[in-house]
Amino acid sequence: MKQSWKVIRSAFLYLALTFATVVMAFPLFWMISSSLKTVEETNSAGLMWVSPHPTLAAYLEIFKNTDFTRAYFNSVFYVSLALVGTLISIAAVSYAFSRIDWPGKNIVFFLMLGTMMIPSQALIVPQYVFFNKLGWVNTFNPLVIPGYFAGGAAMVFLLRQAMQQIPKELDESAFVDGANHFQIWWEIILPLTKGPIATVATFLFVGLWNSLLTPLMYLQTVDRYTLPVFVATLYNINQTVQPWPTIMTAAVLTTIPLMVVFFFAQRYILDSVVVSGLKG
């Protein structure tokens, strides 16, 4: 009887996970399906799951659009700069909070965590005024440079917790051998926290790549648009017939880098979760 309940519970769990997977994957399926349809099919009254005559016309058309290719390059350019700088600064600040003893460390750390309670919407106007006075509007500076100051208290907290799990004896041994803090951080701590760093990098990449509001505020010309802004401009509320195949094609091509990053980073993310669970 006990074994039967175990089988039933496992079967129910698999069914629930399968259902959740289908629900989560449906938007991706609908994007791909719609990108292979014609404008008439996507704007028809009836519901069409899959086109009877799939076409790649929308893909061929969007690759000829210089605004799309420029937006793709802009996204890769700004995300690369912001990701590298933000990740390095977060790793450095996390090391300072976890491995170095200095006066007022706990107070500063809790003040930093307190910034998570401030709604991001409350900072929109003062940030815009500040960057406008610096002459940074319509440049990538407001999107890139703020991250260089360890942007993201949650990411600092996550990486700090991971670094705190590393025995302090490693630092002491390195100091005896003549190493300084930078060498310990670069050659010992970072290699031992590859999993958490990959997790933080993935979260940062997803947030930067999908960001719409900030680029929409500061990038005011078409030649500086990022992918989310470009995709948003494809929808025209004044038109009755929308170019849904083109919109969905741009959305699919925007999603591909996210899937690639998750594919290569999932092993490190799972390792990070497993190690955190074992040591926690």
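The values are calculated or read from the model by the stated rules, or taken from the named source; none is laboratory data. Only a predicted model underlies this, so the values are computations on that prediction, with no experimental measurement involved. Every residue, glycine among them, receives a Cβ derived from its backbone with ideal geometry; neighbour counts consider all protein chains shown.
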| Residue check: is Pro167 surrounded by fewer than 14 Cβ atoms within 10 Å (Cβ to Cβ) and in a loop (DSSP other than H, G, I, E, B)? | yes
| note | In the set Gly178, Gly152, the lone residue that is without any contact (Cβ under 8 Å) to a residue 12 or more places away in the chain, over 27 Å from Thr249 (Cβ atoms) and either in contact with an Asp or Glu (Cβ under 6 Å, 6 or more places away or on another chain) or not basic (Lys, Arg) (or both) is Gly178
| Picking from Val84, Val76, which residue would you name as being within 30 Å of Pro245 (Cα to Cα), surrounded by fewer than 16 Cβ atoms within 10 Å (Cβ to Cβ) and either of a type in the set (A, V, I, L, M, F, W, C) or at pLDDT 95 or above (or both)? | Val76
| Hey, among the residues in the range 29-72 that are under 30 Å from Leu219 (Cα atoms) and among the basic types (Lys, Arg), which one's surrounded by the fewest Cβ atoms within 10 Å (Cβ to Cβ)? | Lys64
| task | Would you check which residues across the range 93-127 are part of a helix (DSSP H, G or I), exposed (fewer than 15 other Cβ atoms within 10 Å of the Cβ) and small (Gly, Ala, Ser) and list them? | result | Gly114, Ser120, Ala122
| Quick check, is Asn65 of a type outside the set (Lys, Arg) and out of contact with any helix residue (DSSP H, G or I) (no Cβ under 8 Å at 6 or more places or on another chain)? | yes
| remark: Residue pairs qualifying under the 7 Å Cβ cut-off, at least six apart or on distinct chains, with the first in the range 93-118 being of a type in the set (D, E, K, R) and the second being at pLDDT 90 or above, are Arg99/Met163; Arg99/Asp171; Arg99/Ile189; Lys105/Phe97
| Across the range 231-268, what is the number of residues that are over 18 Å from Glu41 (Cβ atoms), touching a Pro at 6+ places or on another chain (Cβ under 9 Å) and at pLDDT below 90? | 2
| If you go through the range 1-12 one residue at a time, do you hit one that is part of a loop (DSSP other than H, G, I, E, B) and at pLDDT below 85? | yes
| said: I'd like to check something: does the range 210-217 contain any residue that is part of a helix (DSSP H, G or I), at pLDDT 85 or above, over 22 Å from the mean Cα position of the chain (by Cα) and farther than 21 Å from Val84 by Cβ? | reply: no
| said: Kindly evaluate Gln242 against the criterion of being touching a residue at least 40 places away in the same chain (Cβ under 8 Å), outside any helix (DSSP H, G or I), more than 14 Å from Ala71 (Cα to Cα) and not aromatic (Phe, Trp, Tyr). | reply: yes
| remark: Residue pairs within 7 Å by beta carbon, gap of at least six or interchain, first lying in the range 252-263 and farther than 14 Å from Leu28 by Cα, second hydrophobic (A, V, I, L, M, F, W, C) and crowded, with 17+ Cβ neighbours inside 10 Å, listed first then second, are Val261/Phe205
| note | Note on Met116: of the conditions (1) of a type in the set (A, V, I, L, M); (2) modelled with pLDDT of 90 or more; (3) more than 30 Å from Val222 (Cα to Cα), unmet is (2)
| message | Being hydrophobic (A, V, I, L, M, F, W, C) and part of a loop (DSSP other than H, G, I, E, B) is the filter here; which residues of the range 37-65 pass it? | response | Ala45, Leu47, Met48, Trp49, Val50, Leu56
